[in-house]
Amino acid sequence: MPELPEVETTRRGIHDHLLNATVSELIVRNGRLRWPVPTDLPQLLAGKTIYSIARRAKYLLLGFEHGTLIIHLGMSGSLRILTEAFPAEKHDHLDLLLSNGKRLRYHDPRRFGSWLWCNTPINEHPLLKALGPEPLANDFDAPYFIAKLASRKTAIKQLIMDNAIVVGVGNIYASESLFRARINPTRSGSSLTESEINHLLTAIKETLNEAIAAGGSTLKDYVDSDGREGYFMINSYVYGRTEQPCRLCGTTIKTIRQGQRATFYCPQCQL
């Protein structure tokens, strides 16, 4: 599933192509996504200009004068900028045609993504209003993080993947951040010292920034807006490295299940 680094990479890739461009047409080939594409969306967008391309958590937000187009990539979605009208393939479900001659094509084999319209303040939308702070923003800081973890008995790996605490720290980046902070993923939030929380805060920000610089991570379907795979996983410390030696101490990397997800860690570095 595309996580925050992959969505941010996509946002950056489409930004200059879409900003201040006018929509000439929205082609919907298959609107049966996670939630049905609104039937009036082509009429809502036709002739309207895109004034902003933002991201909140894993949602892409295309801002218009009269509302916001919310795009979620789901499990397997990707967006491509095309400069020619290449024939649509089987899972190319939507094309957003622009006045500058380009088009934004949405590809989604599993159809768990979404294209939704919001004509109210975007932060009040049901999908966004309960979200925690952005992990790379200034309000995700030590006092906030310490307060959120102070009385929590839940395992720290699950806490940093809780979008009500902080958004966008998906499974890959949670495992990698905990390794960098030398924290065992099974420890409770309340067991962490202020020093450990500060180290974890720094590790989360560094891990996500490095992942964005690397174009994200490609496990199966993800490609960026130019069709390139992300290469963050090439140098991962623990994720996907079960039974391989730790890059730092040589101890065998282990895997456990937490909340239906695989957690990778080094039992020596992460006591």
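The values are calculated or read from the model by the stated rules, or taken from the named source; none is laboratory data. Computed from a predicted model, the values in this text were never measured in an experiment. Note that we place each Cβ from the backbone using ideal geometry, even for glycine, and neighbour counts take in every protein chain shown.
Looking at (1) more than 17 Å from the chain's Cα centre (by Cα); (2) exposed (fewer than 14 other Cβ atoms within 10 Å of the Cβ); (3) of a type outside the set (Asp, Glu), which is the one condition that is false for Leu82?
That leaves (2) as the condition not met.
Name the single residue, out of those in the stretch 236-261 being closer than 18 Å to Ser177 by Cβ and in a strand (DSSP E or B), that is modelled with the lowest pLDDT.
My answer is Arg261.
Of all residues being of a type in the set (A, V, I, L, M) and in a loop (DSSP other than H, G, I, E, B) in the stretch 36-58, which is nearest to His72 (Cα to Cα)? Just the residue, please.
Ala57
Give the residues of the stretch 139-180 that are more than 17 Å from Ser191 (Cβ to Cβ) and touching a strand residue (DSSP E or B) at 6+ places or on another chain (Cβ under 7 Å), sorted by residue number.
Answer for the stretch 139-180, where residues must be more than 17 Å from Ser191 (Cβ to Cβ) and touching a strand residue (DSSP E or B) at 6+ places or on another chain (Cβ under 7 Å): Asn171, Ile172, Ser175, Phe179.
Considering the stretch 94-139 alone, what residues qualify as being crowded, with 20+ Cβ neighbours inside 10 Å and either among the aromatic types (Phe, Trp, Tyr) or outside the structural domain of Asp40 (by TED's automatic domain parsing) (or both)?
Tyr106, Trp115, Pro135, listed by residue number.
Which residue, of Ser114, Ser52, Ser76, is modelled with pLDDT under 95 and within 20 Å of the chain's Cα centre (by Cα)?
Ser76
Show me the helices (runs of 4 or more DSSP H) entirely contained within the stretch 102-183 in which 1 or more residues are touching a Gly at 6+ places or on another chain (Cβ under 7 Å).
142-149, 156-160
Leu33 - would you say it is part of a loop (DSSP other than H, G, I, E, B) and either in contact with a strand residue (DSSP E or B) (Cβ under 7 Å, 6 or more places away or on another chain) or over 20 Å from Met75 (Cα atoms) (or both)?
Answer is yes for this residue.
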